[in-house]
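Trainee: Got a structure here, written out as structure tokens. Questions coming.
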Amino acid sequence: MLGEAYRDLKYLLNRGYRKKYALEFVANHYRLTLDERHLLARCVFSDSWVNGVRKKLLRSEELRGKTIAIDGFNVLITLESLVEGKAILCEDSLVRDLKYQGKYRFNENTERLLRETGRALGELGVDRAVFFYGRNVPKSGVVKALTEKSLEEFGVPGEVYLVKSPDFELKGFETVATADVGVVSKASHVFDLARHVAGRLGKRPQTLVELLGKTQSSQI
């Protein structure tokens, strides 16, 4: 059933229907669960979007010498979800979390993952890393300090800012690290930093194709 819902949604998106209304129609028709609706909302796109984003994606070796603007909490949530096995590689080749988390919640893994992020940026050889965190998120000041500590430890030039709207700030940069659709649509280049860091830790996301295949198999 989920596979059929995917195909119908894809058909509508490729014909220009707005995702919100197309998803509502398909989800109601197939009586999808909230988790299934969330999965399709996060991971299914029109072919034109998929092709456009894939052209923007940078490989790790292409980061050397570049300035990268990082959507701090977006990357942290995605990275944590990857480590927990709750993230998926979407159609546009970006990894997104499948949790209904909303705002980031500071936890026992935060410092370790920020340190691994700093280490990865150092190895990538970026010219400058600029982090933006939402200042209204609880303990954002602590996260900012830990991020600065990580950049300093691994010799990564950069700055960390607490701002009202990270999305607004990110849209002013050519190369960004985020899976946020609004920011990705404006950026010239995108790097999936969360996926890269998770890969260094031996974690890989499940793909949408794999998930749909498992769903179909279970229904046979």
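Trainee: Suppose R0 equals 25 Å. What FRET efficiency, 1/(1 + (r/R0)^6) with r the Cβ-Cβ distance, do R64 and R119 give to the nearest 0.05?
Mentor: 0.95
Trainee: Sticking with this structure for a sec: Compute the acute angle (0 to 90°) between the alpha-carbon long axis of helix 2-14 and the principal axis of greatest extent of the alpha-carbon atoms of the chain; round to the nearest 10°.
Mentor: Approximately 80 degrees, to the nearest 10.
Trainee: Show me, for region 31-42, the HN-Hα J-couplings you get by feeding each phi into the Karplus relation (A = 6.51, B = -1.76, C = 1.60, θ = phi - 60°), rounded to Hz, glycine and proline as x.
Mentor: With coefficients 6.51, -1.76 and 1.60, one gets 6, 6, 6, 4, 5, 5, 4, 4, 4, 5, 5, 7 Hz.
Trainee: What dipole magnitude, in Debye to the nearest 20, does the chain give about its Cα centre under +1 on Lys/Arg Cβ and -1 on Asp/Glu Cβ?
Mentor: Using Cβ point charges on Lys, Arg, Asp and Glu, the chain gives about 400 debye.
Trainee: May I pose another question? By DSSP, what percent of the beta bridges with both residues in the chain are antiparallel, rounded to the nearest 5?
Mentor: Expressed as a percentage, antiparallel bridges in the chain total about 15.
Trainee: Return, ordered by residue number, the residues of region 178-217 whose backbone nitrogen is under 11 Å from a label point located 7 Å along Cα→Cβ of R128.
Mentor: The answer is none.
Trainee: Once phi is turned into ³J(HN,Hα) by the Karplus curve 6.51 cos²θ - 1.76 cosθ + 1.60 with θ = phi - 60°, what whole-Hz value does each residue of region 66-74 show in order, with x for glycine and proline?
Mentor: 9, 8, 10, 9, 10, 7, x, 6, 4
Trainee: Among 148-154, 75-81, what's the highest-first ranking by average C-beta atoms within 10 angstrom per residue?
Mentor: Highest-to-lowest ranking by the protection proxy: 75-81, 148-154.
Trainee: So what is the calculated 222 nm ellipticity per residue for the chain, using -39500 (n - 2.57) for each DSSP H run with n of 4 or more, over all residues, to the nearest 500 deg cm²/dmol?
Mentor: -16000 deg cm²/dmol
Trainee: In addition: Specify the inter-centroid distance of region 51-79 and region 1-49, based on alpha-carbon positions, in whole Å.
Mentor: 26 Å
Since every read-out is calculated from the coordinates, none of them should be taken as a lab result. None of the values given here were measured: they were computed from a predicted structure. Cβ: placed from backbone, ideal geometry, glycine included. Neighbour counts: every protein chain shown.
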